[in-house]
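K.L.:
Following this message is one structure expressed as structure tokens.
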Protein chains: 2
Amino acid sequence: MSIHYQATPTQLAIAHQERLKIRHGANVPTMGLAPGMTQVNMICVPEDWAWDFLLYAQRNPQSCPVLDVIESGGFKTILGKDIDIRSDFPKYHIWENGQKINELTDITEIWEKHPKLVTFLIGCSFSFENDLLMAGIEVRHITDRTNVPMYLTNIPCRTAGKISGNLVVSMRPIPASHVSQAVQITSKVPLVHGAPVHIGFPEQLGINDIYRPDFGDMPRMSPHEIPVFWACGVTPQAAVIQSKIPFAISHAPGHMLITDIPDRRWSI
Amino acid sequence: MSIHYQATPTQLAIAHQERLKIRHGANVPTMGLAPGMTQVNMICVPEDWAWDFLLYAQRNPQSCPVLDVIESGGFKTILGKDIDIRSDFPKYHIWENGQKINELTDITEIWEKHPKLVTFLIGCSFSFENDLLMAGIEVRHITDRTNVPMYLTNIPCRTAGKISGNLVVSMRPIPASHVSQAVQITSKVPLVHGAPVHIGFPEQLGINDIYRPDFGDMPRMSPHEIPVFWACGVTPQAAVIQSKIPFAISHAPGHMLITDIPDRRWSI
């Protein structure tokens, strides 16, 4: 299905370097870091919620494309040799009964207290941004060095067991002349959210004010740009909230894990 | 990701008709039936093997692309309104401890004795055969009205929990001049096995005699044709055998369920 592209030594070195900075405390959104290398979302749930979550992902593959499942208690991933998922995201959110109770930059200690979490690493739309740039399509939040704006929509995902929630989307303003190309490019990478779910008219997604995203930073848009919406790997966090999962850990939106896998691995 | 193409009334009527024949006892391989409509593989396992199997599918997406998971005891699927998976496959295999103990054309009675099976419906390479035909590529086993030849390879799948097994492939002989086109066409449908896993040299897959498939019928090949191998939805049956799953039900290879979903739904 996917072609087993390998990263170049330079790409691997840069990914490693950025990851080390993050491991040692850099607490920043990761957009634009280690260009061409796959970044991923994370959601960890208790063992007895893992089946429901994997089923939720299977039923909502556009928002929850699972790139790796780390079994109970594990913290290593096939997506990179030296990765420790407990320290290598810049920021984590800790959830209890659907409420965010803490933000941390390292969860190694929490892991001791919750030794039986199952972790899902989920594709991220950052993976197609390099392709957009290479096609001459500006990615505004990279230009502006801000976090991508993300919105909780009014579109329910398919439920699975005890898990339900609405779709979360990321938005990029695209010049009307380039929207078609953006669809073409992103439709080729279904495992990192693929083609847009919606183009134009944010209110149809239940977004009342495009300048007030639910996650990430306020976008800058110009009059000749169309808001283009892609399914987002923050969708599991909406499910954590709505389903009141007793305990969960996620990354902070936009604060991703940089892996050793090149983005082009996900291209059809 | 996928476009929600709807079947035409005629397509639906034909699918329904073929399904009824099967429900009422037609016991035949389904290649070429209801052209353009999705056919699927099946594997049912006990509840306490379901997590391992879904993980196995996630780790081996090319051979086990899950199109629907039917939760414990269920027999209806989102892939078609009137479908009953207990009667709508032409033939079933019943497995105990990794051994095939029976072949049946209806499993409704068995279902009463094993009320807590979880069912996985898995994409089938028959879904891209119509596209091959439309591109002028002969599909030999449709021409010959035989079952597609399938082979157990020496390629291990990624294990998941208690489940392991080798990859099963289907084979179509393709004229050398059309192999590239066959790759192009099938790579666009990753959820029905996607691009070939191997082209030429069957012995590299551990296949000693291309004329003696492990499942399906003996192929007819001519000297200027290349054997082209695609991942096959019989792969879960190899896992049932190798993992000695205590109880399982599968379809008989090549004897698929005809759904109400058009094949083009799976196109990227």
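The values are calculated or read from the model by the stated rules, or taken from the named source; none is laboratory data. All figures in this text were calculated on a predicted structure; none of them were measured in a lab. Backbone-built Cβ (ideal geometry, glycine too); neighbour counts: all protein chains shown. Quick note on the areas: whole protein, heavy atoms, side chains included, nothing else; ligands and nucleic acids left out. Shrake-Rupley method; radii C 1.70, N 1.55, O 1.52, S 1.80 Å.
K.L.:
Within the range B:25-42, which residues are crowded, with 17+ Cβ neighbours inside 10 Å and either of a type in the set (A, V, I, L, M, F, W, C) or in a helix (DSSP H, G or I) (or both)?
P.N.:
Residues satisfying the conditions are B:Met31, B:Leu33, B:Ala34, B:Met37, B:Val40, B:Met42.
K.L.:
State yes or no: is A:Arg172 more than 14 Å from chain B (Cβ to nearest Cβ), without any contact (Cβ under 8 Å) to a residue 60 or more places away in the chain, over 29 Å from A:Asp82 (Cα atoms) and among the basic types (Lys, Arg)? Before the answer, list the steps.
P.N.:
Numbers: more than 14 Å from chain B (Cβ to nearest Cβ): yes; without any contact (Cβ under 8 Å) to a residue 60 or more places away in the chain: yes; over 29 Å from A:Asp82 (Cα atoms): yes; among the basic types (Lys, Arg): yes.
Judged against the criteria, A:Arg172 is a match.
K.L.:
Going through the range A:92-116 one residue at a time, which ones are of a type in the set (Val, Ile, Thr), in a strand (DSSP E or B) and within 18 Å of the chain's Cα centre (by Cα)? Walk me through how you get there before you give the answer.
P.N.:
Start the filter on the range A:92-116 by keeping residues that are of a type in the set (Val, Ile, Thr), which leaves A:94, A:101, A:105, A:107-108, A:110.
Subset that is in a strand (DSSP E or B): A:94, A:101.
Passing the criteria: only A:Ile94.
K.L.:
Just wondering, is there one or more residues in the range A:249-268 that are within 14 Å of chain B (Cβ to nearest Cβ), in a loop (DSSP other than H, G, I, E, B) and in contact (Cβ under 8 Å) with a residue 60 or more places away in the chain?
P.N.:
yes
K.L.:
Conditions: (1) open to solvent by 60 Å² or more (accessible area, probe 1.4 Å); (2) closer than 30 Å to B:Pro175 by Cβ. B:His141 meets all but one. Number of the miss?
P.N.:
Going through (1) open to solvent by 60 Å² or more (accessible area, probe 1.4 Å); (2) closer than 30 Å to B:Pro175 by Cβ one by one, B:His141 breaks only (1).
K.L.:
Check A:Ile174, A:Ile101 and return the single one that is exposed (fewer than 15 other Cβ atoms within 10 Å of the Cβ), modelled with pLDDT of 95 or more and of a type in the set (A, V, I, L, M).
P.N.:
That would be A:Ile101, the only listed residue that is exposed (fewer than 15 other Cβ atoms within 10 Å of the Cβ), modelled with pLDDT of 95 or more and of a type in the set (A, V, I, L, M).
K.L.:
So is B:Ala13 outside the structural domain of B:Leu133 (by TED's automatic domain parsing), crowded, with 16+ Cβ neighbours inside 10 Å and more than 30 Å from A:Val169 (Cβ to Cβ) or not?
P.N.:
Details: outside the structural domain of B:Leu133 (by TED's automatic domain parsing): yes; crowded, with 16+ Cβ neighbours inside 10 Å: no; more than 30 Å from A:Val169 (Cβ to Cβ): yes.
For B:Ala13, the condition - outside the structural domain of B:Leu133 (by TED's automatic domain parsing), crowded, with 16+ Cβ neighbours inside 10 Å and more than 30 Å from A:Val169 (Cβ to Cβ) - is not met.
K.L.:
Go through A:Ile122, A:Ile85 for me and flag whichever is in a loop (DSSP other than H, G, I, E, B), surrounded by 24 or more Cβ atoms within 10 Å (Cβ to Cβ) and not basic (Lys, Arg).
P.N.:
One residue alone meets the criteria, A:Ile85.
K.L.:
Considering only the range A:41-71, how many residues are within 17 Å of A:Ile85 (Cα to Cα), under 14 Å from the mean Cα position of the chain (by Cα) and within 7 Å of chain B (Cβ to nearest Cβ)?
P.N.:
Of the residues in that region, 1 qualify.
K.L.:
Quick check on the range A:58-77. Is at least one of its residues assigned to a loop (DSSP other than H, G, I, E, B), among the acidic types (Asp, Glu) and either more than 18 Å from A:Ile258 (Cα to Cα) or in contact with a Lys or Arg (Cβ under 8 Å, 6 or more places away or on another chain) (or both)?
P.N.:
First, pick out the residues of the range A:58-77 that are assigned to a loop (DSSP other than H, G, I, E, B): A:60-65, A:71-76.
Now narrow it down to the ones that are among the acidic types (Asp, Glu): A:71.
In the following step, the residues that additionally are either more than 18 Å from A:Ile258 (Cα to Cα) or in contact with a Lys or Arg (Cβ under 8 Å, 6 or more places away or on another chain) (or both) were identified as A:71.
Yes, the conditions are met somewhere in the range A:58-77.
K.L.:
Right, here's the next one. Provide a single number: the residues in the range A:219-248 that are of a type in the set (S, T, N, Q) and in a loop (DSSP other than H, G, I, E, B). First the steps, then the outcome.
P.N.:
To start, the set of residues in the range A:219-248 that are of a type in the set (S, T, N, Q) comprises A:222, A:235, A:237, A:242-243.
After this cut, where a residue has to be in a loop (DSSP other than H, G, I, E, B) as well, the list is A:222.
Here the count works out to 1.
K.L.:
Consider A:Asp88 carefully, then state whether it is acidic (Asp, Glu) and either within 14 Å of another protein chain (Cβ to nearest Cβ) or farther than 24 Å from A:Lys244 by Cα (or both).
P.N.:
The answer is yes for A:Asp88.
K.L.:
Return the only residue of A:Ile70, A:Ile22, A:Ile110 being open to solvent by less than 50 Å² (accessible area, probe 1.4 Å) and touching a Pro at 6+ places or on another chain (Cβ under 7 Å).
P.N.:
A:Ile22
K.L.:
For A:Gln204, state whether it is in contact (Cβ under 8 Å) with a residue 24 or more places away in the chain, away from chain B (no Cβ under 14 Å) and open to solvent by 50 Å² or more (accessible area, probe 1.4 Å). Explain how you work it out, then say what you get.
P.N.:
On the way: in contact (Cβ under 8 Å) with a residue 24 or more places away in the chain: no; away from chain B (no Cβ under 14 Å): yes; open to solvent by 50 Å² or more (accessible area, probe 1.4 Å): yes.
In short, no.
K.L.:
OK, next. Return only the number of the condition from (1) surrounded by 15 or more Cβ atoms within 10 Å (Cβ to Cβ); (2) within 14 Å of chain B (Cβ to nearest Cβ); (3) at pLDDT 95 or above that A:Gly161 does not satisfy.
P.N.:
(1) is the only condition that A:Gly161 fails.
K.L.:
Could you list, ordered by first residue, the pairs with Cβ atoms under 7 Å in which the first is in the range B:44-63 and on the phi < 0 side of the Ramachandran plot and the second is assigned to a strand (DSSP E or B) and open to solvent by 10 Å² or more (accessible area, probe 1.4 Å), at least 6 apart or interchain?
P.N.:
Between residues of the range B:44-63 that are on the phi < 0 side of the Ramachandran plot and residues that are assigned to a strand (DSSP E or B) and open to solvent by 10 Å² or more (accessible area, probe 1.4 Å), the close pairs are B:Pro46/B:Phe247; B:Ala57/B:Val66; B:Gln58/A:Val66; B:Ser63/B:Leu167.
K.L.:
Could you say whether any residue in the range B:220-237 is modelled with pLDDT of 95 or more, surrounded by fewer than 21 Cβ atoms within 10 Å (Cβ to Cβ) and under 30 Å from B:Lys162 (Cα atoms)? So that I can check it myself, show each step before the final result.
P.N.:
Of the range B:220-237, the ones modelled with pLDDT of 95 or more are B:220-221, B:225-237.
In the following step, the residues that additionally are surrounded by fewer than 21 Cβ atoms within 10 Å (Cβ to Cβ) were identified as B:220-221, B:225-226.
Now narrow it down to the ones that are under 30 Å from B:Lys162 (Cα atoms): none.
For the range B:220-237, residues modelled with pLDDT of 95 or more, surrounded by fewer than 21 Cβ atoms within 10 Å (Cβ to Cβ) and under 30 Å from B:Lys162 (Cα atoms): absent.
K.L.:
Something else: Look at B:Ala252 and say whether it is under 14 Å from the mean Cα position of the chain (by Cα), assigned by TED's automatic domain parsing to the domain that holds B:Thr143 and either of a type in the set (Gly, Ala, Ser) or open to solvent by less than 20 Å² (accessible area, probe 1.4 Å) (or both).
P.N.:
no
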